[in-house]
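The values are calculated or read from the model by the stated rules, or taken from the named source; none is laboratory data. These numbers were taken from a predicted model, which means no experiment stands behind them. Positions of Cβ are backbone-derived with ideal geometry, glycine not excepted, and every protein chain shown enters the neighbour counts. Heads up: the accessible areas ignore ligands, DNA and RNA and are worked out on the full protein's heavy atoms, side chains in. Shrake-Rupley method; radii C 1.70, N 1.55, O 1.52, S 1.80 Å.
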Amino acid sequence: MKGVTILGATGTIGTNTLDVIARQRDKFFVVALTAHSQVERLAEQCEQHHPRFAVLHDPRAAEQLQRRLHTTCPDTRVLSGEAGLCQVAADPACDYVMAAIVGAVGLKPTLAAVRAGKRILLANKEALVMSGEVFMRELREHGAQLLPIDSEHNAIFQCMPADYSGADAAGIRRILLTASGGPFRALPLEHLMLVTPEQAIAHPNWTMGKKISVDSATMMNKGLEVIEACWLFDLKPNQIEVVVHPQSIIHSMVEYLDGSIIAQLGQPDMRTPIAHALAWPARMASGVKPLNLFDITKLEFLRPDLQRYPCLQLAHEAIERGGTATAVLNAANEIAVQAFLDRKIAFTSIAVTVEHVLAKMPIAAATTLEVIGNADQHARCCAQEFIQSQARRAGVL
Ligand code: NDP
Ligand code: MG
């Protein structure tokens, strides 16, 4: 039996993880479930899975949860704050940590799990994007294991040799990172600035949280994934080619020197990579219905249009610059996406904001968490100021 802590249990990835675990009760038990502030949802999950700990980042919400669970889950200890998240990520009873908090706020709890030498199931790509060098160093130092949950990276992992130690040694020519192109792939460019948050979060193939859905529509998600792949598989950005594949059936491919391309195919359902990473190196059922090849009428592959997806270009520039540039990119994007969801800026202003912040911020070597944290905070302020100044100008005009 393996003990599992789920950081971000109430989200899309967290819920899918619990669904997989519920089908495999003889193999896994839940040590801790965490969320930000959704009391009712987390309480229902606790009543179903009876974890040792439940954590809400928000202390007021944690008090409500404590009262709510008093009679139904008397053995579940309720904690709060970042300290609570970090504590359960490192708890001795837990073997595996699903890192599925959205955004930079997931970094510290995920690193706590790394430092405790756990198996990390990484969905929270923002953590790796902002701190890649430190994250990978800590992983090695503490003997932790990193398994990718992001469907593309999980696919790449599955298409690589088991003893992978670098692209050259494995005879890999390049990685083909697939992207759906999001909901606006075929929308006339001049309509992009008028799209609403509701349209942006309605992804054609996947059901996901709001932030990653907007990132998919701008293709910043693919940019973050290029950076994620560079760290996970020790690759240079020019070893990764983004391929738009609207059907989301092939989840990514690895091209070898001999001309072979190995692909991983499956339903667009996150329970497949989740079950893969939980069971690895074995395999187990995930609840995903089998892919019927006879239902697939076509598989298309297109080059990404950088005019439509400027965020992809910005992410490429950030990884080429290195250091804190990727933390700055990520922070500016988080602020801009929230402003778009709050209807303060247009969809097309997300890329404009990120570009502005990247041009303005000094970039340093990202060798400590302190430097990374400072870059993250300054980039957030810079993005907020830019958004406010744009709003003031629009008001004057
Ligand atoms: P959701 O928005 O659905 O869920 C986010 C989770 O994080 C919720 O449990 C939320 O709690 C919690 N959370 C948010 N803010 C905080 C905070 N300040 N402190 C503690 N917990 C917090 O996101 P997804 O599940 O879609 O995505 C999670 C991560 O996985 C993201 O990094 C995303 O990029 C990545 N990912 C997701 C995929 C998907 O298919 N959904 C695919 C590949 C990667 P609460 O409910 O209380 O707000
Ligand atoms: Mg992905």
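Amide H neighbours of Phe29 under 5 Å, at least 5 residues apart or on other chains, H built in the peptide plane: list them.
Lys2, Gly3, Val4
Over the stretch 2-124, what is the relative contact order in percent, taking alpha-carbon pairs closer than 8 angstrom and at least six residues apart?
Relative contact order comes out at 28 percent.
Put a dot 7 Å past each Cα toward the Cβ at Lys27 and Gln307; how far apart are the dots in nm?
That separation, rounded to one decimal, is 4.8 nm.
May I ask you to derive the FRET efficiency for Gln64 and Lys210 from their Cβ-Cβ distance with R0 = 22 Å, giving the value to the nearest 0.05?
About 0.40, to the nearest 0.05.
Roughly how many whole Å is it from the C-alpha centroid of the stretch 197-260 to that of the stretch 167-189?
Each part's Cα centre sits 6 Å from the other's.
Which whole-Hz couplings ³J(HN,Hα) result when phi for each residue of the stretch 235-241 is put into the Karplus expression 6.51 cos²θ - 1.76 cosθ + 1.60, θ = phi - 60°, listed in order with x for Gly and Pro?
Taking θ as phi minus 60°, the curve returns 10, 8, x, 6, 8, 10, 10 Hz for the stretch 235-241.
Any idea what diffusion coefficient the stretch 2-124 gets from Stokes-Einstein, in µm²/s, Kirkwood Rh on alpha carbon pairs, 37 °C, 0.692 mPa s?
240 µm²/s
Compute the relative contact order of the chain as a whole-number percentage, counting only Cα pairs closer than 8 Å that sit 6 or more residues apart in sequence.
Averaging sequence separation for qualifying contacts and normalising by length gives 14 percent for the chain.
Once the principal axes of the Cα atoms of the stretch 160-238 are found, what is the range along each, listed largest first in whole angstroms?
Each principal axis gives a Cα extent; for the stretch 160-238 these are 48, 24, 17 Å.
Cα atoms only, the chain: Rg and Dmax in Å?
Rg and Dmax of the chain, Cα atoms, are 20.6, 64 Å.
What's the longest piece of the chain with no exposed trypsin sites (Lys or Arg not before Pro), counting a site as exposed if DSSP puts it in a loop and it has at most 12 other beta carbons within 10 Å?
Working: sites that count: Arg25, Arg283, Lys298, Arg343.
Longest stretch, sites excluded: 26-282.
So between Tyr164 and Gln48, what do we pick up on full extension, going 0.36 nm a residue minus the alpha carbon distance?
That pair, Tyr164 and Gln48, stretches by 37.9 nm at full extension.
Just the accessible area per residue of the stretch 310-393, please: how many Å² with a 1.4 Å probe?
Heavy-atom accessible area per residue stands at 45 Å².
Using alpha-carbon pairs under 8 Å, 6+ residues apart, how would you state the relative contact order of the stretch 227-343 in percent?
Working: 87 pairs, mean separation 29.2, N = 117.
The value is 25 percent.
Could you check the simple spin-label distance between Arg321 and Asn238, using points 7 Å along Cα→Cβ, in nm with one decimal?
2.0 nm
Can you work out the base-10 log of I(q)/I(0) for the stretch 237-364 at q = 0.17, 0.23 1/Å, using the Debye formula on its C-alpha atoms alone?
Those come out to -1.09, -1.22, one per q.
Highest mean first, what order results for 203-209, 255-261, 81-87, 335-341 on Cβ atoms within 10 Å?
Details: 203-209: 16.3, 255-261: 12.3, 81-87: 18.6, 335-341: 22.7.
Sorting 203-209, 255-261, 81-87, 335-341 by mean packing, highest first, produces 335-341, 81-87, 203-209, 255-261.
Counting only other residues whose beta carbon sits under 10 Å from that of Leu189, what net charge do I get with K and R as +1, D and E as -1? Can you show the working numbers first?
Details: positive: Arg308; negative: Glu190, Asp305.
Neighbour charge sum, excluding Leu189 itself: -1.
Just by accessible area at a 1.4 angstrom probe, what is the order of Glu40, Glu320, Glu152 from largest to smallest?
Heavy-atom accessible area, descending, gives Glu320, Glu40, Glu152.
Report the gain in length on full extension from Gln145 to Ala364: 0.36 nm times residue separation, minus Cα-Cα distance, nm rounded to one decimal. Each step should come with its number before you reach the end.
Numbers: separation 219, 0.36 × 219 = 78.84 nm, distance 2.82 nm.
The span from Gln145 to Ala364 would gain 76.0 nm if fully extended.
Cα-Cα over 23 Å: which of Lys210/Lys344; Lys211/Lys298; Lys210/Lys360; Lys125/Lys236; Lys125/Lys211?
Pairs exceeding 23 Å: Lys211/Lys298; Lys210/Lys360.
Taking the Cα centre of each part, how many Å lie between the stretch 272-305 and the stretch 121-158?
For the stretch 272-305 versus the stretch 121-158, the Cα centre distance is 20 Å.
Could you give log10 I(q)/I(0) at q = 0.21 Å⁻¹ for the stretch 310-393, computed by the Debye formula over C-alpha point scatterers of equal weight, without solvent?
-0.88
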